[in-house]
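Undergrad: My questions will all concern the structure given below.
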Amino acid sequence: MNPSRTTVDRTLLALTGAALPAGGGWLVLTAVAERLPGWWPGPGSGTVLLDRAGLADSRGRGWCTPAVVAGPASAPLLCLTWFPALHPPGTHVRVGVRSRRERCTR
């Protein structure tokens with residue numbers, strides 16, 4: 001297998017492996033935010049991630065809203081094009097598996 005392709009595969013696998021626990025951790029923290037200890041840093045009651053002034057400022061730049069839409073939309077599309085590129089039609093992956101007899105005689 002091509003070494004650069006292996007590197008890309010492992011990098012994408014590592015990024016996916018990092019994103020899934022991060023997303024799960026975020027979900028757990030937001031679901032149990034009211035039960036966190038008092039010393040735990042967290043948002044105050046009635047606070048938002050981005051206030052109206054910050055939202056207006058980011059929308060005024062012109063690139064923020066398209067980037068927020070294009071980022072999550074392009075990730076699955078990239079994966080859907082990457083996976084078929086790994087296994088083009090008509091190719092078969094041969095896996096070298098020894099039989100039990102071969103393993104026992106060695």
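Undergrad: So which residues in the range 80-92 are open to solvent by 50 Å² or more (accessible area, probe 1.4 Å) and assigned to a helix (DSSP H, G or I), if there are any at all?
TA: Selection gives 80, 81, 82, 83, 84, 85.
Undergrad: Would you mind stating whether residue 96 is modelled with pLDDT of 70 or more and either of a type in the set (S, T, N, Q) or outside any helix (DSSP H, G or I) (or both)?
TA: So residue 96 passes the test.
Undergrad: Follow-up question, since we're still on this one. Only residues that are assigned to a helix (DSSP H, G or I), within 21 Å of residue 23 (Cα to Cα) and either hydrophobic (A, V, I, L, M, F, W, C) or in contact (Cβ under 8 Å) with a residue 12 or more places away in the chain (or both): list them for the range 45-79, please.
TA: Of everything in the range 45-79, those that are assigned to a helix (DSSP H, G or I), within 21 Å of residue 23 (Cα to Cα) and either hydrophobic (A, V, I, L, M, F, W, C) or in contact (Cβ under 8 Å) with a residue 12 or more places away in the chain (or both) turn out to be 67, 68, 69, 70, 73, 75, 77, 78, 79.
Undergrad: Could you tell me whether any residue of the range 21-36 is surrounded by 10 or more Cβ atoms within 10 Å (Cβ to Cβ) and modelled with pLDDT under 70?
TA: Within the range 21-36 (the criterion being surrounded by 10 or more Cβ atoms within 10 Å (Cβ to Cβ) and modelled with pLDDT under 70), the answer is yes, since at least one residue qualifies.
The values are calculated or read from the model by the stated rules, or taken from the named source; none is laboratory data. No experiment lies behind these values; they were computed from the predicted model shown. Positions of Cβ are generated from backbone atoms using ideal geometry, with glycine treated the same way; all protein chains shown enter the neighbour counts. All accessible areas refer to the heavy atoms of the entire protein, side chains included, with ligands and DNA or RNA removed. Shrake-Rupley method; radii C 1.70, N 1.55, O 1.52, S 1.80 Å.
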